[in-house]
Amino acid sequence: MGNLRVGVQFHPQHTSYASLAEAARRADQMGVDSIWLWDHFYPLYNDPGGNHFEAYTLLAALAAQTRHAELGIMVTCNSYRNPNLLADMIRTIDHISAGRAILGIGAGWFERDYTEYGYTFGTAPERLKALKAALPVIVNRLGKLTPPPVRQPLPILIGGGGEKVTLRLVARYAAMWNIIAEPEDVKRKNDLLNGYCLEIGRDPAEVERTVVLLGNNPLEKLPAYLDAGMTHFILGTGEPWNFTALEKLLEWRDQPH
């Protein structure tokens, strides 16, 4: 099986800018295909009052300091930014990176971000409805910006596994899909996504399938994820950055499959 890709998601918490920037430069030099951050305002684990950095300003800085890997947020919370503004932000980062930006987006879920920053949390269906409304606005704005994105079209990644709404949005709008789930669930949802693509006359192969690898032994489920249809494997790591696992993942990518 060809065209397997490897990425790394650096958790922008409990760290410093200098450390995170050095980690991104190192990963880029190692040959990763993609580098990701997450979109939160507070740590997701360990000390809830620890260091944390905002996603898009940080992504712009990393875009200027890397040369090869694609870059994105895994995933942007749709609720935090006006969709027209978000399109402009990722277009600008696309220019900073010379055409390596990906717009990763999802409906949002971390209630503390909403309440502390003054956003309306609402319900999961309401957040999904807002995402559905935002996606065509984003696509429209990307088509109007001057200058346009370097890469045409600028790829959109949608994160999530919701079987009634999210996967249908992936089929309609996304060049990439991301999920965090066990391989059995991933396979079922992947099959559903294939069906939704066919329903609207789209080739399922146009949607790249990405999965975030977590846990104490993040590489142990690689064969199962591969069997489930995934082709882009993203290692999630906080500081201390897990370059040992990343190196093993890159070695695995480069073996015959």
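The set of residues from the stretch 224-251 being in contact (Cβ under 8 Å) with a residue 60 or more places away in the chain, assigned to a helix (DSSP H, G or I) and touching a Leu at 6+ places or on another chain (Cβ under 9 Å) comprises L226, L246, L249.
Conditions tested, residue by residue: (1) free of Cβ contacts under 8 Å to residues at least 60 places away in the same chain; (2) touching a strand residue (DSSP E or B) at 6+ places or on another chain (Cβ under 8 Å).
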position	(1), (2)
M30	no, no
H40	no, yes
G49	yes, no
Y56	yes, yes
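Which helices (runs of 4 or more DSSP H) sit wholly inside the stretch 105-223 and have at least 3 residues that are buried (at least 17 other Cβ atoms within 10 Å of the Cβ)? Break it down stepwise before answering.
Values: elements: 111-117, 124-142, 166-173, 183-199.
Correct list: 124-142, 166-173, 183-199.
Within the bounds of the stretch 87-99, is there any residue that is surrounded by fewer than 20 Cβ atoms within 10 Å (Cβ to Cβ), out of contact with any Cys (no Cβ under 8 Å at 6 or more places or on another chain), in a strand (DSSP E or B) and not aliphatic (A, V, I, L, M)? The answer is no, given that none of the residues of the stretch 87-99 is surrounded by fewer than 20 Cβ atoms within 10 Å (Cβ to Cβ), out of contact with any Cys (no Cβ under 8 Å at 6 or more places or on another chain), in a strand (DSSP E or B) and not aliphatic (A, V, I, L, M). Taking G122 as the residue in question, decide whether it is without any contact (Cβ under 8 Å) to a residue 12 or more places away in the chain and at positive phi. Taking the combined requirement at face value, the residue satisfies it.
Please go through the stretch 212-240 and pick out each residue that is among the acidic types (D, E) and either farther than 18 Å from W36 by Cβ or modelled with pLDDT under 95 (or both). Talk me through it step by step, then tell me what you get.
Let us first name the residues in the stretch 212-240 that are among the acidic types (D, E), namely 220, 227, 239.
Listed by number, the residues that qualify are E220, D227.
Among residues of the stretch 128-145 that are touching a residue at least 24 places away in the same chain (Cβ under 8 Å), those with a Cβ under 8 angstrom from a residue that is loosely packed, with under 14 Cβ neighbours inside 10 Å, sequence gap 6+ or separate chain, pair up as L142/P153.
Close Cβ contacts (under 7 Å, 6 or more residues apart or on different chains) running from residues in the stretch 159-171 that are on the phi > 0 side of the Ramachandran plot to residues that are modelled with pLDDT of 95 or more comprise G160/G106; G160/A107; G160/T166.
The values are calculated or read from the model by the stated rules, or taken from the named source; none is laboratory data. Quick caveat: nothing in here was measured; it's all calculated off a predicted structure. Neighbour counts are summed over all protein chains in view; Cβ atoms, including those assigned to glycine, are modelled from backbone coordinates with ideal geometry.
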